[in-house]
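Please read the structure below before turning to the comments.
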Amino acid sequence: MTVTANAKPGGRTLLRPALAAQRRSLLVLAAWSLLEAAPVLLSGQLVAAALDRGFLAGELAAGLAFLMLYGTSMVLGAWAARHAVTPLAAIVEAARDALVRAVVQARLAHAVQGSGPTDASTVARLTRQTEAVRQILATLLMMVRTVVFSLGAALAGLATLLPEMAGVTLGCLAAAGALLALLSVLFRRRYREALVAEERLAGSAGHAVSGLRDVLACGGAGTATRRVGQDVDANAAASIAAARIGSCRIGVVVIGARIPLVATLAMAPWLLRSGAVTPGQVLGAVTYLVSGLEPALRLFAQSLGNMGVQLQVLLRRLADHTAGPPEPPARPGAVSPGPGHIPSLSLRGVTFAYGPHSAPIVDDLDLDVPYGDHLAIVGPSGIGKSTVANLMAGLESCRRGEVALGGTPLAGLAEPWLREAVALVPQESYVFAGTLRENLAYLSPEVSDDELARAADAVGLAPVVKRLGGFDAAIEQAAALSEGERQLITLVRAYVSPARLVILDEATCHLDPAAERRAEEAFAARTGTLIIIAHRISSAMRARRILVLDGQSVRVGDHHALLRDSPLYADLANTWAAAPAGTRA
Ligand SMILES: Nc1ncnc2c1ncn2[C@@H]1O[C@H](COP(=O)(O)OP(=O)(O)OP(=O)(O)O)[C@@H](O)[C@H]1O
């Protein structure tokens, strides 16, 4: 999974790609919905025929036959409605997956950059809102198709049966639409306020509950209750205001459906007397208005309007939360050296402490690591080896002094260039859900399968690739792999990366000595500089040079020179040599 930063999707753009990808399911859904609307389309015509050509003409059997036909069309409609559920589920689940992906990616990007809160309550709220979107979208889609197809069918039927009333009905529907649009604008505003009030209440109540013991211990129960109470009142007031606007929607049904019905009934005597229409046509028109148009309009105004606005507001809120963090400011004057650049590493007077008042972990360190060198760093636990590695990779900035790559201070190098030139592999291996290939090619997306196979062979991952079933094998849970297997995956990932300086910070600690040797030798033979924070003295013995950190002084040399010159190194090496071969750590 890539963590994208700075994406600021709009509410609708969160759903659009997911819906576009489900075009086929949308078409299937439309086809079933068309069939489902058949009873509405036929209703008025069949009722009119039953009356005019059946009961009023003295043909009882014909009248009943038309009514039975109407009943059959209703069974057909119910059958179609049942089949519409499958494509609907496919659309909604795809939309939910897209939303969850967007939300998780954005929160990860924030967490990586350390911007914005990503605590448990934020994640819980976003999960709740995503679930609400899924439910609303499912109901909304179900209703939209009912409304669109039923309204269309009722109007089409009315136009064929009683064209005079179809015009009047269209005019009334236009007026109802205008009223609904106005109410929707007002409702959207109120609903958004209600949602913000609910979020504020969830935040304040969550804080109060999580710190309940401290609140009670400090005698702050009254203040906490008052604050949460204010948020409860604000939430209730906002919800009531939204509900009031919602209740005005009944006016839409009155204008759009009841006025045409009253007009039809009022004009019926005159139309019948003039001979322009038959009693069956009048009854058919009333059927279209009462059983087709009014239920659809009621659904549209009362449920659809509310839900549409709720969906819009929820998506807008989610879009705010799925906006990635701002791009880190570009380093002024940062350079990206060309591809032929030889990144020799130098540390001059490097001093670093974790806090402004803490004693330095690294004090006035000078070191030159020429390009192509193989350096091991050794020292007792907690002495600062990982800290030095982080300083070399530019993950920490020194308090005094300078770390430079190819003569350019790290702070003067463009961040993307630095991240490509230097790979630091920590002890904890990050293996994510995806295919094995995606995991291995994470730092070099263009790498071929042949190159991956060669790297896996060199580093010692080949048996794992074979066991998993090749590079296309899915890794669903990193926990299903052993710690050593995970380390081999992250090692191959760094091996095939374009990095010219690789720092292994105890990155082989879960491998057995033979596997560690194989991996280190592969990295030593790879083009570029290799720095290893040594987990075993055997790693140091394989290096061209060794840096010993003992807290007071810094010594650099090869194994034999250090045995002579560094009591700490001699001690570490002798302890290691004295241990039985199988227990040497
Ligand atoms: N983020 C941090 N904040 C404060 N102190 C830290 C932080 N990281 C490390 N330290 C402290 O800095 C010192 C050096 O830690 P570091 O991890 O660099 O040592 P190390 O030599 O790599 O240790 P080990 O061999 O056990 O991994 C330790 O005392 C550690 O507790």
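The values are calculated or read from the model by the stated rules, or taken from the named source; none is laboratory data. Computed from a predicted model, the values in this text were never measured in an experiment. Note that we place each Cβ from the backbone using ideal geometry, even for glycine, and neighbour counts take in every protein chain shown.
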Legend entry - Hits in the range 337-354 (condition: within 11 Å of the ligand (Cβ to nearest atom) and within 20 Å of G557 (Cα to Cα)): none
Legend entry - Subset of the range 45-94 [β-branched (V, I, T) and either over 30 Å from V277 (Cβ atoms) or exposed (fewer than 15 other Cβ atoms within 10 Å of the Cβ) (or both)]: T72, V75, V85, T86, I91, V92
Legend entry - Residue check, A411 at pLDDT below 90, hydrophobic (A, V, I, L, M, F, W, C), over 29 Å from the mean Cα position of the chain (by Cα) and assigned to a helix (DSSP H, G or I): yes
Legend entry - Where a residue in the range 505-531 is acidic (D, E) and its partner, wherever it lies, is more than 16 Å from the ligand (Cβ to nearest atom), with Cβ under 7 Å and at least six apart: E520/R542
Legend entry - Single unsatisfied condition, S444 versus (1) in a loop (DSSP other than H, G, I, E, B); (2) surrounded by fewer than 17 Cβ atoms within 10 Å (Cβ to Cβ): (2)
Legend entry - When residues of the range 539-564 are limited to those that are assigned to a helix (DSSP H, G or I) and within 16 Å of the ligand (Cβ to nearest atom), the one surrounded by the most Cβ atoms within 10 Å (Cβ to Cβ): A540
Legend entry - Candidates G71, G77 - the one that is farther than 30 Å from A18 by Cα and without any contact (Cβ under 8 Å) to a residue 60 or more places away in the chain: G71
Legend entry - Index of the failed condition, A524 passing every other in (1) away from the ligand (no atom under 16 Å from the Cβ); (2) within 28 Å of I383 (Cα to Cα); (3) surrounded by 22 or more Cβ atoms within 10 Å (Cβ to Cβ): (3)
Inset, instruction - Using the structure shown, decide if S397 is exposed (fewer than 15 other Cβ atoms within 10 Å of the Cβ) and either assigned to a loop (DSSP other than H, G, I, E, B) or among the hydroxyl-bearing types (S, T, Y) (or both). - result: yes
Legend entry - Inter-residue pairs, beta-carbon under 9 Å, first of a type in the set (K, R) and in the range 543-558, second within 16 Å of the ligand (Cβ to nearest atom) and in a strand (DSSP E or B), 6+ apart: R544/L375; R544/A376; R545/L375; R545/A376; R555/I546; R555/L547; R555/V548; R555/L549
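Here is a yes/no grid of residues against (1) loosely packed, with under 15 Cβ neighbours inside 10 Å; (2) near the ligand (Cβ under 10 Å from one of its atoms); (3) of a type outside the set (D, E, K, R):
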| residue | (1), (2), (3) |
| --- | --- |
| P356 | yes, no, yes |
| V362 | no, yes, yes |
| L365 | no, no, yes |
| I377 | no, yes, yes |
| G382 | yes, yes, yes |
| V388 | no, yes, yes |
| A411 | no, no, yes |
Inset, instruction - Give the number of residues within the range 419-435 that are within 16 Å of the ligand (Cβ to nearest atom) and either in a strand (DSSP E or B) or crowded, with 16+ Cβ neighbours inside 10 Å (or both). - result: 5
